[in-house]
Every structure is written in structure tokens, then in C-alpha cells.
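So the structure is just underneath, and the comments pick up after that.
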Amino acid sequence: MSNTYPPALGIDFGRVIISSVKDDGRADTAFLQGSTKEAMQTPPNERAFEVIKELVEAFEGRVWIVSKAGKRIQQRTRQWLHTHKFYEQTGIPKEHLRFCIKRHQKAIHCKELGITHFIDDRLQVLSHLKDCVPNLYVYGPQKGRIHESWLTHVHDWNDVEAALL
């Protein structure tokens, strides 16, 4: 695929920016299933804000959050980003937030935005992007080994930093 766009980065929200694991190692489902107060207490993944800020600089502001979410979770996501001062700490503009209802629809946003790099925690999502986004990164722990040659496995934000900066 020839790249006629300047580099642009897409980042998933759930389990990439926000943590899905409690301090004791158990799954944290509060963001999706808990009260609004509990959802707002869901922490970001370690170093997420710091590395995203560096990525915003490296990609010259062309960084977008692209998330699959229904109306209720869209509202929670916006509230979480505001509560945690995400925009102020990372430099991503509020307008750089996109939602879709189905995971495969992330490809539509990636094409519209000229995304050249995308970080997501789901292989299924990345499989929908492999024909339109040349640089794909699967984030976090995965079940089984990653054998796909068309993506890079990044375990945490330290790996993201090493791969993209």
C-alpha cells in the first residue's frame, strides 16, 4: 500500500488507554458495568498519558481516539476523558475523538482520517484494518501466541514507546 498521507495515529480507548485490570490482577468491569462514579475511578494504563503526549508531538498532532461504543459508553468515555484531564495532559484535541457502533466500522474512520498507524487490543478489529492501515499494533495480553505477520504486539505503553518513537 502506498502511503500518500502524512503519518497519523489511531488509538482505541477501552483496555488500551484505560486499564481493564484491578491492582489485585482481577478484571475491572466498572467502566462498562459499574456506576458512573465507579467508572470514573477506572485508572489509565500505566504511562498511557505520558507516551500519548510524546506521540502527539511525534505525529505533529495527527492522533485520534477511535472507539467502538454505544451511546451510554460514549457518554462515559467523554466524561472519563474530561475527569482525568486527558486532553490537557496529552495534547489531543477534543475533536479528535471518534465513535462507531460496530468494531469493523473503525476502518471507515481510519480511511477518512488517513490513519497510518493503529493501536487496538483486539485482533478482530485489526483484521478489519489491515487493508487500509499499514502499521498495526495489538495492545496488551493476548490469548495464545500472536502469529500474524501484519501486526506488532505491544504489551504495554513502554512497548508502544519503543515501537513508535
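Coordinate-derived values only; no laboratory data. From a predicted model like this one, the values you see are computed outputs, not experimental measurements. Every residue, glycine as well, gets a Cβ built from its backbone with ideal geometry; the counts of neighbours run over all protein chains shown.
Sparsely packed loop sites in segment 40-101 (the trypsin sites (Lys or Arg not before Pro) outside DSSP H, G, I, E and B with at most 16 other Cβ atoms within 10 Å) comprise 47, 85, 94.
Across the cross-link table entries 53/106; 37/143; 37/94; 85/106; 85/130, which are compared at the Cα atoms, the separations over 29 Å belong to 37/143; 85/130. One way to sum up the overall shape of the chain is the equivalent ellipsoid from its Cα gyration tensor, whose semi-axes run 23, 18, 16 Å, largest first. About its Cα centre, the dipole of the chain is roughly 840 debye, where the only charges are +1 on Lys and Arg Cβ and -1 on Asp and Glu Cβ. Pairs of alpha carbons in segment 126-165 separated by more than 11 Å make up 64% of all such pairs.
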